[in-house]
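Single-structure report; data block below.
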Amino acid sequence: MATGQLFSRTTQALFYNYKQLPIQRMLDFDFLCGRETPSVAGIINPGGDGFQKLFFGQEEIAIPVHSAIDAACAAHPTADVFINFASFRSAAASSMAALKQPTIRVVAIIAEGVPESDTKQLIAYARANNKVVIGPATVGGIQAGAFKIGDTAGTIDNIIQCKLYRPGSVGFVSKSGGMSNELYNTIARVTNGIYEGIAIGGDVFPGSTLSDHVLRFNNIPQIKMIVVLGELGGQDEYSLVEALKQGKVTKPVVAWVSGTCARLFKSEVQFGHAGAKSGGDMESAQGKNQALREAGAVVPTSYEALEAAIKETFEKLVEGGNITAVKEVTPPQIPEDLNTAIKSGKVRAPTHIISTISDDRGEEPCYAGVPMSSIVEQGYGVGDICIMLCADHGPCVSGAHNTIVTARAGKDLVSSLVSGLLTIGPRFGGAIDDAARYFKDAYDKNLTPYEFVESMKKKGIRVPGIGHRIKRGDNRDKRVELLQLFARTNFPSVKYMEYAVQVETYTLSKANNLVLNVDGAIGSLFLDLLAGSGMFTKQEIDEIVEIGYLNGLFVLARSIGLIGHTFDQKRLKQPLYRHPWEDVLYTK
């Protein structure tokens, strides 16, 4: 375990499993603190390479994306923090891979539910190699004015209110990430603020303990006092008790262990965290508070009295000349995102394309203002339904955009149509074919949804037919539901479709937007149509899928929409299209 400061104003991290919001919050914090370089050096997305565009203040930057941990570490040798946003299933393996990299010094594991046996292995390896694990089940940590992990401290408004954009004199450690935000605010009200704050996570076996960080804080000259927020359950706080008794902690410690209300219940109560469950008097909040008080910590009589105890301890240090006034600074204004500003009515922005035939905003696409699902409900056959569903998805998708640009260049119908059709392939329009191909292969091999999805992940391939920009597990796509109802009502067998639904159930356990989409529904539905008709052999079905027959269905249907966009632009007499330069990231 490290014995001093973990982070600085030059610390850079590698972010595993791309999540836009927490990365953007880190970059906004960097800008707020006046950092010269972004704190995120690179992103690791298994199976994917390239760049992700994000904002660093007013400037948009391109952050490299790597497909493997070792490649990212080699490309960014000065990045020594690994922020792991993997699911609980893969968090341990990816964290161990990071710990084994010589350049990585700190690993933060955000996921809850990591198996305890895996966590113990991570802890043992980290301690043997003098590395630090924060988590699992943590929001992370922050060094005020320097560096923060992911979503630590919440929104920019909260960070400013808590004065985390500049360093204070207080070291803070807690098990709870949510309560950390509360205490950052409390500490900012009655002291000159936080210097460093860590949430170790609520699991039974945290990668680093309360006392680990308290002992670190004791070695950091800028930290003058320490605040600890523990909770009932486990015996982590007793290692801090021993450190206090042995004189290893020389700075004032204000501590409180939450969960005193547990004694009001007749039976044992499991609170929010996995470790928040009292196993007897020694693990009770009262027992821990008493032990900390006897060891020399300042322990108030209640949580309500914690703020006053922090204030009194801080004021004594000020009176004794141990703390000097912190120079207040005015943090810069974080530029507001354009979409947010437009919604709030602060700015107006011109559009660049006019479309009257379709609209893909809202809950579902509309044709001339008519919701697509209402057209499907009129009792057509499966072929008609699929053609209507695939005819058009609005003017913003690649094929339609190409057709619109070509039509506005004055080209004829065939040229405009072909320019849109030429974009159809593995990234646009090919998902029906690929969904059918992969679902069929997995089902025929008797792979469980877990085996199928995880094998795709190892290959770096996203599961075709799964995932939606708008729809969620609690807000399903009505078009998919109508297709499924049609198949269950009219098909003799829906084995492939039901398998796709089982895959969806598994992927939804990973993320709420990994729902079965229209492409996946049509792909699995046509597999059942071919298999249930009795007109095709298995070999013939394999050949139909392999040669791209279903892609032909998409080409047929989408031609209707592309023709519509061509005539729409010509009817509206739209001029030559030129993309606005402010929408381009120019890099050196």
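Residues in region 123-137 that are open to solvent by 10 Å² or more (accessible area, probe 1.4 Å) and either assigned to a helix (DSSP H, G or I) or more than 10 Å from Val107 (Cα to Cα) (or both): Ile123, Ala124, Tyr125, Arg127, Ala128, Asn129, Asn130, Ala137. Within region 202-236, if we keep just the residues that are open to solvent by 20 Å² or more (accessible area, probe 1.4 Å) and not in a loop (DSSP other than H, G, I, E, B), the residue that is farthest from Gly287 (Cα to Cα) turns out to be Asn218. When Arg476, Arg488, Arg462 are checked against the criterion of being of a type outside the set (A, V, I, L, M, F, W, C) and closer than 26 Å to His401 by Cβ, Arg462 stands alone in meeting it. So which residues in region 463-487 are of a type in the set (Gly, Ala, Ser), buried (at least 18 other Cβ atoms within 10 Å of the Cβ) and not in a helix (DSSP H, G or I)? If the condition is that a residue be of a type in the set (Gly, Ala, Ser), buried (at least 18 other Cβ atoms within 10 Å of the Cβ) and not in a helix (DSSP H, G or I), then Gly465, Gly467 are the ones that fit.
Filter region 8-27 for residues that are surrounded by 20 or more Cβ atoms within 10 Å (Cβ to Cβ) and of a type outside the set (S, T, N, Q) and give the result. Listed by number, the residues that qualify are Ala13, Leu14, Phe15, Tyr16, Pro22, Ile23, Arg25, Met26, Leu27.
Within region 450-468, residues that are free of Cβ contacts under 8 Å to residues at least 40 places away in the same chain and more than 15 Å from Gly47 (Cα to Cα) have Cβ atoms under 8 Å from residues that are in a helix (DSSP H, G or I) and open to solvent by less than 40 Å² (accessible area, probe 1.4 Å) in these pairs: Glu451/Ala442, counting only partners at least 6 apart in sequence or on another chain. Exactly one residue among Val107, Val173 is assigned to a strand (DSSP E or B) and over 20 Å from the mean Cα position of the chain (by Cα), and that residue is Val173. For region 237-283, a residue qualifies if it is at pLDDT below 85, surrounded by 14 or more Cβ atoms within 10 Å (Cβ to Cβ) and not basic (Lys, Arg), and the qualifying residues are Gly259, Thr260, Ala262, Val269, Phe271, His273, Ala274, Gly275, Ala276, Ser278, Glu283.
Each residue in region 176-201 was checked for being within 28 Å of Glu319 (Cα to Cα), part of a helix (DSSP H, G or I) and of a type in the set (A, V, I, L, M), and 4 pass. Within the option set Arg35, Arg105, Arg89, being among the basic types (Lys, Arg) and closer than 23 Å to Ile334 by Cβ holds for one residue only, Arg35. Checking region 149-165 against the condition returns no match, with no residue being in contact with a Lys or Arg (Cβ under 9 Å, 6 or more places away or on another chain) and in a strand (DSSP E or B). Residues in region 5-41 that are within 17 Å of Ala108 (Cα to Cα) and more than 15 Å from the chain's Cα centre (by Cα): Gln5, Leu6, Phe7, Ser8, Thr11, Gln12, Ala13, Ser39, Ala41. When the test is whether a residue is in contact with a helix residue (DSSP H, G or I) (Cβ under 7 Å, 6 or more places away or on another chain), among the hydrophobic types (A, V, I, L, M, F, W, C), surrounded by fewer than 16 Cβ atoms within 10 Å (Cβ to Cβ) and within 30 Å of Arg578 (Cα to Cα), Val414 does not pass it.
Among the residues of region 559-578, is there at least one that is open to solvent by less than 10 Å² (accessible area, probe 1.4 Å), over 30 Å from Arg408 (Cβ atoms) and under 36 Å from the mean Cα position of the chain (by Cα)? No, there is no match, as no residue in region 559-578 is open to solvent by less than 10 Å² (accessible area, probe 1.4 Å), over 30 Å from Arg408 (Cβ atoms) and under 36 Å from the mean Cα position of the chain (by Cα).
Here Ala62, Ala98, Ala79 are screened, and the one residue that is open to solvent by less than 20 Å² (accessible area, probe 1.4 Å), in contact with a Phe, Trp or Tyr (Cβ under 7 Å, 6 or more places away or on another chain), modelled with pLDDT of 95 or more and not charged (D, E, K, R) is Ala98.
Suppose we keep only residues that are open to solvent by 60 Å² or more (accessible area, probe 1.4 Å) and of a type in the set (S, T, N, Q) within region 326-369. Which one would you say is nearest to Lys573 (Cα to Cα)? The residue in question is Thr356. The C-beta contact set for region 425-441 (first residue under 14 Å from Ile547 (Cβ atoms), second residue charged (D, E, K, R), distance under 7 angstrom, 6+ apart or interchain) comprises Ile432/Asp519.
Restricting attention to region 372-417 and to residues that are of a type in the set (Gly, Ala, Ser), part of a loop (DSSP other than H, G, I, E, B) and modelled with pLDDT of 85 or more, the residue that is nearest to Arg558 (Cα to Cα) turns out to be Ala391. Can Val494 be described as in contact (Cβ under 8 Å) with a residue 12 or more places away in the chain, in contact with a His (Cβ under 8 Å, 6 or more places away or on another chain) and closer than 18 Å to Asp477 by Cβ? Considered against the rule, which asks whether it is in contact (Cβ under 8 Å) with a residue 12 or more places away in the chain, in contact with a His (Cβ under 8 Å, 6 or more places away or on another chain) and closer than 18 Å to Asp477 by Cβ, Val494 comes out as no. The combined condition, being touching a helix residue (DSSP H, G or I) at 6+ places or on another chain (Cβ under 6 Å) and outside any helix (DSSP H, G or I), is fulfilled by Ile334.
The values are calculated or read from the model by the stated rules, or taken from the named source; none is laboratory data. As the structure is a prediction and not an experimental result, all values here were calculated from the model. Here the Cβ is made from the backbone with ideal geometry for all residues, glycine too, and neighbour counts use every protein chain on show. Side chains included, ligands, DNA and RNA excluded: accessible areas come from the protein's heavy atoms. Shrake-Rupley method; radii C 1.70, N 1.55, O 1.52, S 1.80 Å.
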